[in-house]
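The values are calculated or read from the model by the stated rules, or taken from the named source; none is laboratory data. Computed from a prediction, not measured in an experiment: that's the story for all the values here. With ideal geometry, Cβ positions are generated from the backbone for all residues, glycine too; neighbour counts draw on all protein chains shown. Please note that ligands, DNA and RNA were not included when accessible areas were found on the heavy atoms of the full protein model with its side chains. Shrake-Rupley method; radii C 1.70, N 1.55, O 1.52, S 1.80 Å.
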Amino acid sequence: MAPVAAALACGIVAGRYAPVGAYVWLATAAAGIVAAVATFRRAALCSVAMGAVLLAVAALGAARFRLGYFAVADDDLSTYAPARGRIFSTIRGQVVTAPQVVRQADLIAGYRPEPRTAFVLQAEHVQTGGDWQGVSGRVQVTSDGVLDALRAGQRVELIGLLSRPRPPDNPGQYDWSAAARAHGVTTAMTVGAAEGVIVRDGAPLPWYARAFWHVRAAARQHWAGCADEEPGQLLNALVLGERHPALRELNRAMVRAGIAHFLSISGLHLGIFVGILYFLCRLATLERRSAAWVVLAVLAAYLVLAEARAPLLRSAIMAACLCAAVILRRQGSMLNALAVAAVVLLAMDPVQLFDAGFQLSFAIVAGLILLHRSVRDALFGRRLRRRGLMVFRREHRVRRWWHFVAMNRAMDVVAVIVTAALVSIPLVAAHFGLFSPYAPLLGVVVFPLVVAVLVPGYISLALQWPMPNLAESFARLAGQAATLLARVIDAFSALPGLTIPLRPVPWWWVLLCYATLLALLAARRTRWKRVLAAAAVLTVGAATFFTQRAAPPPDGAELHLLAVGHGQCAVLRTPSGRTWLIDAGTRSGYDAADRVLVPFLLDRKFPAPSGVFVSHANSDHYNALPGCRTLGAPRDVYVNDHFGVSDGLDAPSLLLRMLREDGARIVRLQGGQSVRLDDRTTAEVLWPTADLPGETDPNDRSLVLRVVCDGRSILLPGDIDSLAQGRLLAADASLRADVLVLPHHGGWRETLPAFVQAVAPRVVLCSAGREPRASHAAGADAARFYAELRASGRFYDTPHNGWVCVRLGPDGVSVCTMR
């Protein structure tokens, strides 16, 4: 089955990237089947028949992918959602995932939204202003507030704003729309209040559906009182596979440490589960075939309780294949079982081939099957050869058990963990942009703790209904182990150099790593093994250096205005190749460094920022700076005279203290000063002046910077309001610049038209959470100003265009945008 699985995977890849229609692929599959039927009886043409079968499998995989990914049903809910924007609608359907409470990141400062509840709904009817219409498809629902009474399996009516999942606004940003599409979710809905989610008392679910949802809910509630929220949800994730938002930070810590695969139900987890079950069956004197039947039945029941993710399904199919081999009295093949699992899962949902969890799960298991023994010999070969010379007398049974049984188990565990870490490194680098040098060592530390969680956890789950009191005792034991595991993982964060951020690596690099690993293991028995090992390591090292080199310097200065919602984050690149930040923050309730700024810098292969300009003390201009320190602390931080001037307890003071501890130099600027960024670029400070009264609004104390490069300039006025704008206009100072970033996110002030006219920009930019527009109270002049600005053809804003890049060159100003 391995060639069939490989052909199916290749066909799915071709279906995604080759511009060939589904019906062409179906015709190719039909031709392959005809050729296979015509040749399979002829011994001389056996290879031709096999090739035709594989071609048919590949073509069917391509057709299956194109029909499932690039097409939706005629009544799909996405046909009612606008291509851009949102539409008010009412939806009825069934909740298909357990509702989860989402709490936003803990930022150094800024607006923190109230908790929200997220779940997936299977849509049945929709109303957008007319009659109810029958629909299909899944919708990702986010509702303000905590919906404690909502349960999976309930039918609800939702009132809110319907849209399509939004593609990324910035280069390098995670594509939530593609991830949603991969899980069959084609629309998103935002419910503004908990009252917009109405549980319906309509037609009751069938008895088997009610029993299904009741059993799943009871299993999840079983862990509620066993530990605190994070350890309890960790226990739930390890035993039942449900990822709760409370585990977001713990999951990130495990990803950074290179041990995230322990959090997914995979071969380790299911192996322990099946091993306990099989041991109990044999203890009950069941013969092997009967025990295999019991394992199959209990495994099916476990799949009902657990979250059906790719690692769990892969492990379950492999276990079912091995049980079938026992029942049929056939020899089991792990590689064949893995291939069967791949064929079944990809036939059900070919899109998951491109999912990181699917790839890691199958790659690690394939690596364990093919490489485990070679890695074990490489690590412990000398010890194994020495042990072969040991002879023990009959009275030395304990020593013999220690050397031949206990040490065998320990070496097997270490070899498995090291093999899994080695195999996962290329895929983790490709999907997450991380490399953890501690991963094998930390895996050895975490493994016994995971086992200590799983064994009592599975026993508690089995005893939940027949012996609830005893089950509670085992659950508390598992909860204590989960608490210890969470603390150990948190302690890993203090290790120096735990994670090395990587710039994006191409897929040829991933394939080169795996080819090199296989070549190293194959060359171990040759006389040239050291030479080949050195050549392989040098090849991978050179390829890694090539993929991690920084982007070449631009011809002129570049300003990258990132879309961060309600805030501002600008990245300036100078002709010398240095990177500078000019504000970095948002008040949209998420960590802009983690989700936008750091991924952007890595994706563009920019070097770590040399320095930072913070215009003023509003958090939407600086609260992303702590997260940027993962790339290295900036050498210089430029602020105005009043930034962080307090008793040290406010957020600006805390930020400055953190930066000083990292070795940054804090420089306070006033109007009339300038900062030399490189030999061709200068940042001129036009504002604030030293004579501002103490009660001046922080916005009017913003640094107003004009970046000048080769005679071209960009004006960044921060959040200055009417006072500063009026003073700058009255001072008759030269404000002219080729590019203007609108002050205060484009908000209307009576002085704004005159300010823009004084700058006389060729290009106008705006960073805001929504397109700037005049309020009803602003009057006709404001409406006319924004209308003329949008119609001028020189206006770009982040809500509409996403990321905006402005390049200053000898031929003028050029602009490129995300969309």
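Residues that are farther than 28 Å from F362 by Cβ, of a type in the set (A, V, I, L, M) and at pLDDT below 85: list the helices (runs of 4 or more DSSP H) wholly contained in segment 400-492 that include at least 3 such residues.
468-492
Please verify whether A536 is surrounded by 16 or more Cβ atoms within 10 Å (Cβ to Cβ) and in a helix (DSSP H, G or I), treating the condition exactly as stated.
Considered against the rule, which asks whether it is surrounded by 16 or more Cβ atoms within 10 Å (Cβ to Cβ) and in a helix (DSSP H, G or I), A536 comes out as yes.
When L470 is evaluated against the numbered criteria (1) open to solvent by 50 Å² or more (accessible area, probe 1.4 Å); (2) within 23 Å of the chain's Cα centre (by Cα); (3) not aromatic (F, W, Y), which criterion, by number, is the only one it fails?
The failed condition is (2).
Could you tell me whether segment 590-599 includes any residue that is touching an Asp or Glu at 6+ places or on another chain (Cβ under 8 Å), of a type in the set (K, R) and touching a residue at least 40 places away in the same chain (Cβ under 8 Å)?
The answer is no; no qualifying residue exists.
Return the total of residues in segment 182-195 being open to solvent by 40 Å² or more (accessible area, probe 1.4 Å) and either hydroxyl-bearing (S, T, Y) or in contact with a Pro (Cβ under 7 Å, 6 or more places away or on another chain) (or both).
1
Which members of segment 526-577 meet the condition of being touching a residue at least 24 places away in the same chain (Cβ under 8 Å) and polar (S, T, N, Q)?
T539, T544, T547, Q548, Q568, T574, S576, listed by residue number.
Can you tell me which of R635, R604 is open to solvent by 40 Å² or more (accessible area, probe 1.4 Å), modelled with pLDDT of 90 or more and over 26 Å from M818 (Cβ atoms)?
R635
In segment 782-809, what residues are farther than 21 Å from V596 by Cβ and surrounded by 13 or more Cβ atoms within 10 Å (Cβ to Cβ)? Steps first, please.
Step one: of segment 782-809, the residues farther than 21 Å from V596 by Cβ are 782-795, 808-809.
Residues satisfying the conditions are A782, A783, F785, Y786, L789, R790, R794, F795, L808, G809.
Just need a number here: residues in segment 611-624 that are of a type in the set (G, A, S) and open to solvent by less than 10 Å² (accessible area, probe 1.4 Å).
Going through segment 611-624 one residue at a time, the tally reaches 3.
Which number in (1) buried (at least 16 other Cβ atoms within 10 Å of the Cβ); (2) of a type in the set (D, E, K, R); (3) within 26 Å of the chain's Cα centre (by Cα) marks the one condition that R84 misses?
In the conditions (1) buried (at least 16 other Cβ atoms within 10 Å of the Cβ); (2) of a type in the set (D, E, K, R); (3) within 26 Å of the chain's Cα centre (by Cα), R84 misses (1) alone.
Does segment 391-399 contain any residue that is at pLDDT 85 or above, out of contact with any Leu (no Cβ under 9 Å at 6 or more places or on another chain) and more than 27 Å from L434 (Cβ to Cβ)?
Looking for residues that are at pLDDT 85 or above, out of contact with any Leu (no Cβ under 9 Å at 6 or more places or on another chain) and more than 27 Å from L434 (Cβ to Cβ), one finds none in segment 391-399, hence no.
Are there any pairs with C-beta distances below 7 angstrom linking a residue in segment 180-192 that is among the polar types (S, T, N, Q) and at pLDDT 90 or above to a residue that is open to solvent by 30 Å² or more (accessible area, probe 1.4 Å) and assigned to a strand (DSSP E or B), with the two at least 6 apart or on different chains, and if so which?
Listed pairs, sorted by first residue: T190/T142; T190/L161.
Name the single residue, out of those in segment 123-144 being touching a strand residue (DSSP E or B) at 6+ places or on another chain (Cβ under 9 Å) and charged (D, E, K, R), that is most open to solvent (accessible area, probe 1.4 Å).
Within segment 123-144, the match that is most open to solvent (accessible area, probe 1.4 Å) is R138.
Which of (1) over 27 Å from G433 (Cβ atoms); (2) without any contact (Cβ under 8 Å) to a residue 40 or more places away in the chain; (3) surrounded by 17 or more Cβ atoms within 10 Å (Cβ to Cβ) does A482 not meet, given it meets every other one?
Of (1) over 27 Å from G433 (Cβ atoms); (2) without any contact (Cβ under 8 Å) to a residue 40 or more places away in the chain; (3) surrounded by 17 or more Cβ atoms within 10 Å (Cβ to Cβ), only one is false for A482: (2).
Yes/no per residue for (1) surrounded by fewer than 17 Cβ atoms within 10 Å (Cβ to Cβ); (2) not in a loop (DSSP other than H, G, I, E, B):
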| residue | (1), (2) |
| --- | --- |
| P3 | yes, yes |
| A6 | yes, yes |
| G11 | no, yes |
| A14 | no, yes |
| P19 | yes, no |
| W25 | no, yes |
| V34 | yes, yes |
| A38 | yes, yes |
| R41 | yes, no |
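Residues being of a type in the set (S, T, N, Q) and open to solvent by 30 Å² or more (accessible area, probe 1.4 Å): count how many of those fall in segment 359-390.
2
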